[in-house]
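Below: the structure, in structure tokens.
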Amino acid sequence: MSYKKLKFPSNSLFLVTGGAGFIGSHLVRYFVNKYPNYSIFNLDKLTYAGNLENLKDIENAPNYTFIKGDICDRDTLKKVFEKYGIDSVIHLAAETHVDRSVNDPLEFVKTNVIGTLTLLQVAKEFWQKDNYEGKLFYHISTDEVFGSLDLDGGYFTEDCKYEPHSPYSASKASSDHFVRSFYDTYKMPIVISNCSNNYGPNQFPEKLIPLFINNIRHNRDLPVYGKGENVRDWLYVEDHVSAIDLIFHKGKIGETYCIGGKNEWKNIDIIKRVISITDELLGRESGASLKLIKFVTDRPGHDLRYAIDCTKLERELGWQPSYTFDDGIRKCVEWYLNNQEWLDQVTSGDYQNYYDKMYKGR
Ligand code: NAD
Ligand code: DAU
């Protein structure tokens, strides 16, 4: 199959799914500000992980529209494609927390597999009549689909085979396969990226870094799974977004791109680093919160190590992360400590009233 470069009209109309979540909200803000000629439609179901307060600063931008909707709801998707003439999709909507997937795998299949397939089918229905000219379905995925590496066992690349272990990664792997199948079967222009762990502002405090910052602030236990020896490759969320921008505009149709921070940390080491910065910023004695660390029963099926080799993205598209880990993690801790109201609202659930207050009846 021959690969084409992607080409967009300068007034692209594109749909972001899951734009009220962690990465999605950074992505929406970045595109709304950087590309005033694009019309950006953010479709989000507003599950517990979706929070419109993340987008307060751009909610009235002329090139931005929020739509409350579920990617599993075919009729809603058809209305959106018909009404707005969507010509590309950046698909982030998903259930994303591994621990939740252990407790409720079916919810992950519904959103991540059925939802992605529903979206693909609607896009195909609207785009195939134009022979997919100028169209793109960009699927945002995770490095977890590749399984787990040994501590000294090399890196994930675009050529690695899929070997998911958790219900979450199995559902994301399945969604990746469906996206690729639409390329192979129907010639739909697609691109997929698989990224490592993101950190930064607005991440729901069930994930390691915001959960631990919040717990340190409240002097609560820090539950370290197993021995804390698992390794993750951390990337500042804005650097993920800049990679998505490049891939969206310059990637090659049908290809996969791996995105990573070249920044591997053992959990226990990154936890100690977060404790040290948080204690310092809270004016506590250095290391005061180390006593909060509690080693707890390991996550079932806990992948030992993720690490990405992103040479392809660097070589072909010239991507480089702009944050050093020192700068990124400090900025991240500062954000959570300076935005305690945000943390309190999401932990109490109050943020879920924001849609009713701001959008209902508009
Ligand atoms: P998140 O959990 O913070 O946000 C997910 C968003 O999707 C929420 O706004 C939620 O309301 C929305 N959503 C969920 N189900 C929906 C449905 N049925 N219809 C419409 N919207 C729905 O997720 P995130 O961490 O920002 O991740 C975004 C994407 O990036 C996911 O696809 C995830 O697999 C992928 N990813 C995440 C990371 C990471 O470290 N967070 C790394 C690599 C890839
Ligand atoms: O690699 C990309 C993935 O990163 C994304 O696809 C997922 O959506 C995202 O949730 C993230 O998955 P992880 O499972 O790696 O992230 P999490 O923050 O849940 O955990 C990071 C590591 O910390 C992991 O090894 C488990 C451990 N952990 C996590 C929590 C919440 C703990 O030890 N204690 C905890 O309380």
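Listed here are the residues, each with its yes/no results for (1) surrounded by 16 or more Cβ atoms within 10 Å (Cβ to Cβ); (2) hydroxyl-bearing (Ser, Thr, Tyr); (3) within 28 Å of residue 164 (Cα to Cα).
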{"residue": "267", "(1), (2), (3)": "yes, no, yes"}
{"residue": "275", "(1), (2), (3)": "yes, no, no"}
{"residue": "279", "(1), (2), (3)": "yes, no, no"}
{"residue": "282", "(1), (2), (3)": "no, no, no"}
{"residue": "287", "(1), (2), (3)": "no, no, no"}
{"residue": "290", "(1), (2), (3)": "no, no, no"}
{"residue": "296", "(1), (2), (3)": "no, no, yes"}
{"residue": "299", "(1), (2), (3)": "no, no, yes"}
{"residue": "309", "(1), (2), (3)": "yes, no, yes"}
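Only one residue in 40, 67 is more than 12 Å from ligand 1 (Cβ to nearest atom) and touching a strand residue (DSSP E or B) at 6+ places or on another chain (Cβ under 9 Å), so which one is that?
40
Can you confirm whether segment 161-168 contains a residue that is modelled with pLDDT of 95 or more and touching a Leu at 6+ places or on another chain (Cβ under 6 Å)?
no
Where the second residue is of a type outside the set (A, V, I, L, M) and in a loop (DSSP other than H, G, I, E, B) and the first is at positive phi and lies in segment 283-306, which pairs have Cβ atoms under 7 Å and are six or more apart or on separate chains?
Short answer, once both residue conditions are applied: 301/165; 301/166.
Of the residues that sit in segment 61-80 and are free of Cβ contacts under 8 Å to residues at least 60 places away in the same chain and buried (at least 19 other Cβ atoms within 10 Å of the Cβ), which one is nearest to residue 353 (Cα to Cα)?
69
Only helices (runs of 4 or more DSSP H) wholly contained in segment 270-362 count here; list those with 3 or more residues that are within 24 Å of the chain's Cα centre (by Cα).
By residue number, 311-317, 325-338, 340-348.
Report the residue count in segment 220-252 for those that are within 10 Å of ligand 2 (Cβ to nearest atom), assigned to a strand (DSSP E or B), surrounded by fewer than 18 Cβ atoms within 10 Å (Cβ to Cβ) and of a type outside the set (Ser, Thr, Tyr).
1
For segment 250-292, enumerate the residues that are aromatic (Phe, Trp, Tyr) and touching a Ser or Thr at 6+ places or on another chain (Cβ under 6 Å).
Matches in segment 250-292: 257 only.
Given the conditions (1) open to solvent by less than 10 Å² (accessible area, probe 1.4 Å); (2) over 30 Å from residue 276 (Cα atoms); (3) in a helix (DSSP H, G or I), report the number of the one that residue 191 does not fulfil.
Here residue 191 clears every test but (3).
Out of the residues in segment 21-60 that are assigned to a strand (DSSP E or B) and open to solvent by less than 30 Å² (accessible area, probe 1.4 Å), state the one that is farthest from residue 350 (Cα to Cα).
If we take residues in segment 21-60 being assigned to a strand (DSSP E or B) and open to solvent by less than 30 Å² (accessible area, probe 1.4 Å), then 40 is farthest from residue 350 (Cα to Cα).
Working carefully through the options 323, 354, find the one that is under 28 Å from residue 142 (Cα atoms), surrounded by 14 or more Cβ atoms within 10 Å (Cβ to Cβ) and away from ligand 2 (no atom under 16 Å from the Cβ).
Testing whether each residue is under 28 Å from residue 142 (Cα atoms), surrounded by 14 or more Cβ atoms within 10 Å (Cβ to Cβ) and away from ligand 2 (no atom under 16 Å from the Cβ) leaves just 323.
Given segment 66-140, what helices (runs of 4 or more DSSP H) lie entirely inside it while holding 1 or more residues that are in contact with a helix residue (DSSP H, G or I) (Cβ under 8 Å, 6 or more places away or on another chain) and polar (S, T, N, Q)?
Filter on segment 66-140 gives 98-103, 116-127.
Taking the condition in contact (Cβ under 8 Å) with a residue 40 or more places away in the chain and at positive phi, does residue 115 pass?
So residue 115 fails the test.
Name the residue that is farthest from residue 327 (Cα to Cα), counting only residues in segment 206-219 that are near ligand 2 (Cβ under 9 Å from one of its atoms) and in a loop (DSSP other than H, G, I, E, B).
Only one residue fits best here, namely 206.
Kindly indicate the residue of segment 129-144 that is free of Cβ contacts under 8 Å to residues at least 60 places away in the same chain and away from ligand 2 (no atom under 16 Å from the Cβ) and also nearest to residue 309 (Cα to Cα) among those meeting that condition.
Out of the qualifying residues, it is 137.
Write out, first by first residue and then by second, each pair whose Cβ atoms fall under 9 Å of each other, whose residues are 6+ apart or on separate chains, and whose first residue, in segment 158-171, is more than 20 Å from residue 110 (Cα to Cα) while the second is in a helix (DSSP H, G or I) and open to solvent by 50 Å² or more (accessible area, probe 1.4 Å).
162/177
Tell me the residue from 172, 187, 207 that is out of contact with any Pro (no Cβ under 9 Å at 6 or more places or on another chain), at pLDDT 95 or above and within 15 Å of ligand 1 (Cβ to nearest atom), please.
207
The values are calculated or read from the model by the stated rules, or taken from the named source; none is laboratory data. Fair warning: this is a prediction, and the values are worked out from it, not measured in the lab. Because the Cβ atoms are built from the backbone with ideal geometry, glycine has one as well, and the counts that use them run over all protein chains shown. SASA here: full protein model, heavy atoms, side chains in, ligands and nucleic acids out. Shrake-Rupley method; radii C 1.70, N 1.55, O 1.52, S 1.80 Å.
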